[in-house]
Amino acid sequence: MLNNTPIRVSAGATLAGASLAGPKRFLDRLSAITPEILAQPKVHSLALRIARVTHGALDAAFASGGSHDWDLAAADLLVHEAGGALTDLAGRPLTYSGSEAAYGALIAAGPARHAALIELVRDHETEFA
């Protein structure tokens, strides 16, 4: 049986009660700053972790540095089609060049929550460096 439910990132800007997944060090830092987040167990597949944002299984996902175009392109498309954003920690969208260059740390979430996370990271920049 096919599920014809369209993909859609979860709505909301608040981090209280938000389900987040990613590298343990990111979640530990976020939990120290915002203890009301719901840190989820790490999803080891980066593409799957980001894709879970597209149907609301996760409210946001983080990626540590070192990922490449081939790790991210499909998941990035899904996030955007679901109404979300996948950017670096400064809020810049990814630019696919086909080169071997790796990306830095990344955030995927719905627009309002993504903006809240970018602001939080910017306010605590030294803790996420």
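The values are calculated or read from the model by the stated rules, or taken from the named source; none is laboratory data. Values in this document were obtained by computation on a predicted structure and should not be read as measured data. Quick reminder, even Gly has a Cβ in these numbers, built from the backbone with ideal geometry, and neighbours come from all protein chains shown. Surface areas here come from the heavy atoms of the whole protein model, side chains and all, with no ligands, DNA or RNA. Shrake-Rupley method; radii C 1.70, N 1.55, O 1.52, S 1.80 Å.
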TODO: Within segment 19-31, track down each residue that is in contact with a helix residue (DSSP H, G or I) (Cβ under 6 Å, 6 or more places away or on another chain) and open to solvent by 10 Å² or more (accessible area, probe 1.4 Å).
DONE: Arg29
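If only one of Ser10, Ser45 is closer than 17 Å to Ala75 by Cβ and either among the acidic types (Asp, Glu) or open to solvent by 40 Å² or more (accessible area, probe 1.4 Å) (or both), which one is it? Show your work before the answer.
Numbers: Ser10 fails: either among the acidic types (Asp, Glu) or open to solvent by 40 Å² or more (accessible area, probe 1.4 Å) (or both).
After applying the criteria, what remains is Ser45.
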Open item on the list: Restricting to segment 48-74, count the residues that are open to solvent by 20 Å² or more (accessible area, probe 1.4 Å), closer than 22 Å to Ala13 by Cβ and among the charged types (D, E, K, R).
Closed with: 2
TODO: For segment 108-123, enumerate the residues that are surrounded by fewer than 17 Cβ atoms within 10 Å (Cβ to Cβ) and closer than 16 Å to Asp76 by Cβ.
DONE: Pro111
TODO: Looking only at segment 20-34, count how many residues are without any contact (Cβ under 8 Å) to a residue 40 or more places away in the chain and within 14 Å of the chain's Cα centre (by Cα).
DONE: 2
- [ ] Could you grab me the full set of residues in segment 75-107 that are open to solvent by less than 50 Å² (accessible area, probe 1.4 Å) and touching a residue at least 60 places away in the same chain (Cβ under 8 Å)?
- [x] Val79, Ala82, Gly83, Gly84, Ala105
Task: Residue check for Ala16: open to solvent by 40 Å² or more (accessible area, probe 1.4 Å) and over 14 Å from the mean Cα position of the chain (by Cα) - done: yes
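Yes or no, residue by residue, for (1) at pLDDT 95 or above; (2) farther than 11 Å from Ala109 by Cα:
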{"position": "Val9", "(1), (2)": "yes, no"}
{"position": "Pro41", "(1), (2)": "no, yes"}
{"position": "Leu58", "(1), (2)": "yes, no"}
{"position": "Asp69", "(1), (2)": "no, yes"}
{"position": "Ala85", "(1), (2)": "yes, no"}
{"position": "Asp88", "(1), (2)": "yes, yes"}
{"position": "Gly98", "(1), (2)": "no, yes"}
